[in-house]
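Reviewing the structure listed below.
Every number in this text was worked out from the coordinates using simple rules, so none of it is lab data. If you're wondering where the values come from, they're calculated on a predicted model, not measured in any experiment. Reconstructed Cβ throughout: ideal geometry from the backbone, glycine too, with neighbour counts over all protein chains shown.
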């Protein structure tokens, strides 16, 4: 009887230590939340290719909020989220850049995907603050940002810190989460206008 109690207590203690270790040793991942998080990670210096073949550097957008969105044309949640991203492009033309990075292997699928939004958001699709890039080998999405599920969106503050990560479709963009993040970060001493 004492041996069974000892074994049971040992298992309980081992499980408790394992749970504590897992919670305190995991890298900081900013999960889907309704409010801005306080975790801030520096932005990696990456360069992406637009559909037109132009190189864009993430660090070139210092001074603006950036939504770095990884998506694909075959991804149903990406299709659901894209209209909200286009509305943000129109709503914040000077303070926000949406860098939408497709991980499609077939580059010809991307313009077909975008055409379905021409009737509802023609200005957003032509806006200077919407940049469509292509990462067909997922060298940036997986190797740099460790994307596991599409869509994944990173909110980058004007001082080049990643302040929020959203996994899944961003219906939260419609509920004011971006405005709250902007307000929180404007009160931050590291915020640059």
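Computed quantities for the displayed model
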{"item": "Ranked list, fewest to most other Cβ atoms within 10 Å of each Cβ, for 121, 102", "result": "121, 102"}
{"item": "Rounded if a/c under 1.5, otherwise prolate or oblate - the stretch 29-186, Cα gyration tensor axes", "result": "rounded"}
{"item": "Value of relative contact order over the stretch 29-186, rounded to a whole percent, pairs C-alpha under 8 Å and six or more apart", "result": "36"}
{"item": "Relative exposure of 54, 180, judged by other C-beta atoms within 10 Å (fewest first)", "result": "54, 180"}
{"item": "Theoretical gain in end-to-end length, residue 64 to residue 3 [0.36 nm per residue, Cα-Cα removed]", "result": "15.7 nm"}
